[in-house]
Amino acid sequence: MGWLFYHREPGAETNVEHFAKKLNTGYEIIAHGTVDHVFYAAVRDRATGTVSAYVALTRWTRADLNFGYKDLSETAGPADCKAPQAVLDALTPTTHEDALTWRANCRRHHAQRAFLRKHLKPGTRLRLIRPLRFSDDTERDTFTYTRTGGRRQGRLTHGSTRYTIPHWRDSVAAILNADGSETLTPVGEHHTTTLPVLGSTPHPHSATATVTS
């Protein structure tokens, strides 16, 4: 299904209330959560008891048709893989390959965040999965984690330059240790074991670089 836009009264209902109305009466939502404008739900088939994942990308606009969504089942291989743990834990076993891959990606997302919460401290050096190309025409894959100006989320820097990189935590491949060794993150371990060693180098992503005084 593509994007569907219509008018939705802001604040009139929650996402779970809204999307529960979109489901066939033979299904019910038993766990849910919204992360980065994506609604995730564990949906039970009332007839069989099977629980599968429902994913809806959402978007609010200032137009008359102010709300849009695009929904997918887990078997369609959604690119968004940040379903809350409660949703993942409510799902019943499946043998569908795409659903299994999506569930594993979601679990890896949570493992990555837990790893970084444990290991990231001001001054920690890290390496991303691949080099990034920035607006100042530099390329870099190693950075230092810092917290400046009371920012609880932290920033990535190199020397006097700080970088704005959307969702950078999802791309951290390794923590660089003082002795020169690396400690791979869950994402780093996954890419090490699944990506071919030989082949063309992916084109660096775009990002924004800001030079501090």
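The condition (being without any contact (Cβ under 8 Å) to a residue 12 or more places away in the chain and either surrounded by fewer than 17 Cβ atoms within 10 Å (Cβ to Cβ) or not hydroxyl-bearing (S, T, Y) (or both)) is satisfied by just one residue among H7, H37, H18, H32: H18. How many residues are exposed (fewer than 14 other Cβ atoms within 10 Å of the Cβ) and closer than 14 Å to A99 by Cα if we restrict to the stretch 51-81? The total comes to 2. Scan the stretch 90-107 and give yes if some residue there is of a type outside the set (D, E, K, R) and in a strand (DSSP E or B), otherwise no. Within the stretch 90-107 (the criterion being of a type outside the set (D, E, K, R) and in a strand (DSSP E or B)), the answer is no, since none of the residues qualifies. R107: in contact with a strand residue (DSSP E or B) (Cβ under 8 Å, 6 or more places away or on another chain) and open to solvent by 40 Å² or more (accessible area, probe 1.4 Å), yes or no? Taking the combined requirement at face value, the residue does not satisfy it. Considering (1) within 30 Å of L57 (Cβ to Cβ); (2) assigned to a strand (DSSP E or B); (3) open to solvent by less than 70 Å² (accessible area, probe 1.4 Å), the lone condition that I175 does not fulfil carries the number (1).
The values are calculated or read from the model by the stated rules, or taken from the named source; none is laboratory data. Values in this document were obtained by computation on a predicted structure and should not be read as measured data. When we count neighbours, we look across all protein chains shown, and the Cβ atoms used for this are built from the backbone with ideal geometry, even at glycine. Each accessible area value is taken on the protein alone, full model and side chains, heavy atoms only, with ligands, DNA and RNA left out. Shrake-Rupley method; radii C 1.70, N 1.55, O 1.52, S 1.80 Å.
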